[in-house]
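Colleague: Just passing along the structure, written as structure tokens.
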Amino acid sequence: MKPLRILVAHRDAARGDELAELLRRADHRAIAVTTPSAAAELMGADADTLLLDLDFPDLDLATLRRALGSLGEAEPDSLDAAERRHIARVLQFTAGNKRRAAHILGISRSTLLHKVRKYGLDFP
């Protein structure tokens, strides 16, 4: 799994640093900031994910939503990429049980086996 670049925005600097350190121990890149404006500046260019303390004084969620929406959408995945990711998640959820995964996906087991081979999904 690729490490995430996580931006931790917390009004309590010590708590933000503690959360960032926990994320770093999980092999993610984490940056802690103490103001929403600092988070807005770094979001997009330096972060994939935002962990935000919602108790910031004067935090305007509508403005935040607009700002995050204006970061631009990444190019959509191909249908094959989306299907591969979804099948992998379902197989992970079922601990590799292909019969149960096929049932959840609404496809036959043989179709699932074909897709597992097609996408190179290695589940026992």
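Colleague: Sorting 19, 61, 121 on the 10 Å Cβ count, fewest up front, what's the list?
Modeller: Lowest to highest Cβ neighbour count: 61, 121, 19.
Colleague: So for segment 79-119, considering every pair of alpha-carbon atoms, how many percent are separated by more than 14 Å?
Modeller: That tail contains 37 percent of the Cα-Cα pairs.
Colleague: Averaging over every viewing direction, what projected area does the convex hull of the Cα atoms of the chain cover, in nm²? Working shown, then result.
Modeller: Values: hull surface 39.6 nm².
Averaging across all directions leaves 9.9 nm² for the Cα convex hull.
Colleague: Let me ask another. Tell me the Kirkwood radius of segment 5-69: reciprocal of the mean inverse pair distance over distinct alpha-carbon atoms, in Å.
Modeller: 11.8
Colleague: I would also like to ask the following. So, counting K/R as plus one and D/E as minus one, what does the shell of residues with Cβ under 11 Å around residue 84 add up to? Spell out each step's value before the answer.
Modeller: On the way: positive: 85, 89, 115, 118; negative: 77, 80, 83.
So the environment of residue 84 carries a net charge of +1.
Quick note: the coordinates plus some simple rules give every number you see, no bench work behind them. Not measured: the values here are computed from a predicted model. All Cβ positions, glycine included, derive from the backbone under ideal geometry; neighbour counts span all protein chains shown.
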